[in-house]
Amino acid sequence: MRHKITFIPGDGVGPELSEAARRCIEATGVDIEWEVFDAGVDVMDKYGTPLPEHVLESIKKNKVALKGPITTPVGTGIRSVNVELRRALELYACLRPCVLYKGVRSRYDKVDIVIVRENTEDLYAGIEFDSGSGDSKKVIEAINSVSKKKLKSDSAISIKPITRAASERIVKFAFEYALKNNRKKVTCVHKANIMKATDGLFLTTAREVAARYQGKITFEDRIVDNLCMQLVQRPEEYDILVLPNLYGDIISDLCAGLVGGLGVAPGANIGDDTAVFEATHGSAPKYKGLNKVNPIAMILSGVLMLRHIGEKEAADRLENAVKKVISDGKYVTYDLKPTRDDPTAVGTRETADAIIKLL
Ligand code: NAD
């Protein structure tokens, strides 16, 4: 069966990584017709927006996309294309499996954690007011009129909205994922002891959803700072973590660190009927065009994509080829070598070639 998939190369190191992933996916023999579109600051002049409507339309139509990382320029007022894409397509679940593969240098023996991050609200909602602006003054006045604790007049403000509906949806996603993938435990991560309204709602809702799965999947909760310590000390005790947006972002990088770094950490953004697959890492602009960084995170994102479109056998074959290249340790990039300046490190293309040879 032929699959039509939207392909967004990205910028920075994006194009070289997504091209490596595309070659590996095609080498599995799965029949894919790619619709290739650019997004990001580079298309601003042409389309007046970093995320043109035709890109969104293509993903909505095909329901699946593979995307390279896209730079969010600092201090230009341009909002993140990555965040906007998730919002516009209602890709409410960010799925980031963190598996320690044999051969990766790590302090641990076993790590197999799946992060389920809420993607649509929390401090990422983009509702922000600059210090001293007219709008922030209005917001401060409104808050001071109802709150016992008073805001200083020059405060900058970022709003953290959390809803019951979005919390229920993401926790349900985590439990359903656990059932489908034979996982045993879901841990809800929060800071409800301090943020009683927002994280409190997330936790109460998680407990309500968990009750529906009692006897099938174990449920527990952890305060986010305590979880950080425990993940570093005993990552083997964790299975699925479900988190609001910001903690999910931070803990994703922490868990990527447990399993060998951003170069091997894949991801997916999933909605009810649409999914965009992309690595956890960003566009690493300083390595752009150097054929240096690790394509494995993008390739493993492709593995997740193949599973999502029902090509399980091809996905398993591609994952096994990746595992073999990692455990052999010969055709791997600098980040998987014992030292960062190891002269035997190969480039992005060569790692992809070694994987393709095994397919
Ligand atoms: P980054 O993930 O791009 O890079 C941080 C560091 O991680 C790099 O300098 C490099 O040392 C390492 N790294 C990243 N990817 C690697 C790979 N494939 N192989 C080996 N090492 C790798 O994070 P950043 O520097 O904070 O962000 C750069 C840009 O990317 C920013 O504009 C940011 O907004 C954007 N970003 C985009 C996405 C996305 O597209 N989903 C995600 C995160 C960041």
Within region 270-291, track down each residue that is touching an Asp or Glu at 6+ places or on another chain (Cβ under 9 Å) and either without any contact (Cβ under 8 Å) to a residue 12 or more places away in the chain or more than 9 Å from the ligand (Cβ to nearest atom) (or both).
Gly271, Asp272, Thr274, Lys288, Gly289, Leu290, Asn291
Consider Glu16 carefully, then state whether it is without any contact (Cβ under 8 Å) to a residue 12 or more places away in the chain, in the same structural domain as Thr274 (by TED's automatic domain parsing) and under 30 Å from Lys312 (Cβ atoms).
no
Which members of region 159-207 meet the condition of being surrounded by fewer than 16 Cβ atoms within 10 Å (Cβ to Cβ), within 20 Å of Ile143 (Cα to Cα) and of a type in the set (Lys, Arg)?
Lys196
Report, ordered by the first and then the second residue, all pairs with beta carbons closer than 6 Å, sequence separation of six or more or different chains, a first member in region 146-164 that is more than 18 Å from Gly126 (Cβ to Cβ), and a second member that is open to solvent by 60 Å² or more (accessible area, probe 1.4 Å).
Asp154/Ser131
Hey, can you tell me all the residues within region 46-80 that are more than 16 Å from the ligand (Cβ to nearest atom) and part of a loop (DSSP other than H, G, I, E, B)?
Gly48, Thr49, Pro52, Lys63
Within region 19-50, can you find the residues that are among the small types (Gly, Ala, Ser) and touching a strand residue (DSSP E or B) at 6+ places or on another chain (Cβ under 9 Å)?
Ala21, Ala39, Gly40
The lone exception for Gly103 - which of (1) touching a residue at least 24 places away in the same chain (Cβ under 8 Å); (2) on the phi < 0 side of the Ramachandran plot it fails:
(2)
For region 248-257, how many residues meet the condition of being open to solvent by 10 Å² or more (accessible area, probe 1.4 Å) and in contact (Cβ under 8 Å) with a residue 60 or more places away in the chain?
1
Take the residues in region 34-51 that are surrounded by fewer than 18 Cβ atoms within 10 Å (Cβ to Cβ) and modelled with pLDDT of 95 or more; name whichever of them is nearest to Ala284 (Cα to Cα).
Val36
In region 4-33, anything open to solvent by less than 10 Å² (accessible area, probe 1.4 Å), in a strand (DSSP E or B) and touching a Lys or Arg at 6+ places or on another chain (Cβ under 7 Å) is listed as Phe7, Ile8
Is it the case that region 217-231 has a residue that's among the hydrophobic types (A, V, I, L, M, F, W, C), within 25 Å of Val41 (Cα to Cα) and more than 10 Å from the ligand (Cβ to nearest atom)?
no
Considering only region 313-340, how many residues are touching a Ser or Thr at 6+ places or on another chain (Cβ under 7 Å), aliphatic (A, V, I, L, M) and touching a residue at least 40 places away in the same chain (Cβ under 8 Å)?
2
Is there a residue in region 310-324 that is assigned to a loop (DSSP other than H, G, I, E, B) and either over 13 Å from the mean Cα position of the chain (by Cα) or surrounded by fewer than 23 Cβ atoms within 10 Å (Cβ to Cβ) (or both)?
yes
Please determine whether any residue of region 133-151 is surrounded by 15 or more Cβ atoms within 10 Å (Cβ to Cβ), part of a helix (DSSP H, G or I) and in contact with a helix residue (DSSP H, G or I) (Cβ under 7 Å, 6 or more places away or on another chain).
no
Taking Val83 as the residue in question, decide whether it is assigned to a loop (DSSP other than H, G, I, E, B) and hydrophobic (A, V, I, L, M, F, W, C).
no
In region 77-94, the residues that are at pLDDT 90 or above, within 15 Å of Arg169 (Cβ to Cβ) and out of contact with any Phe, Trp or Tyr (no Cβ under 7 Å at 6 or more places or on another chain):
Arg86, Leu89, Glu90, Leu91, Tyr92, Cys94
Asp249 fails exactly one of the following numbered conditions: (1) within 11 Å of the ligand (Cβ to nearest atom); (2) in contact with a helix residue (DSSP H, G or I) (Cβ under 6 Å, 6 or more places away or on another chain). What is the number of that condition?
(2)
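The values are calculated or read from the model by the stated rules, or taken from the named source; none is laboratory data. Keep in mind it's a predicted model, so treat the numbers as computed, not measured. Methodologically, a virtual Cβ is constructed for each residue, glycine included, from the backbone with ideal geometry; neighbour enumeration extends over all protein chains shown. Side chains included, ligands, DNA and RNA excluded: accessible areas come from the protein's heavy atoms. Shrake-Rupley method; radii C 1.70, N 1.55, O 1.52, S 1.80 Å.
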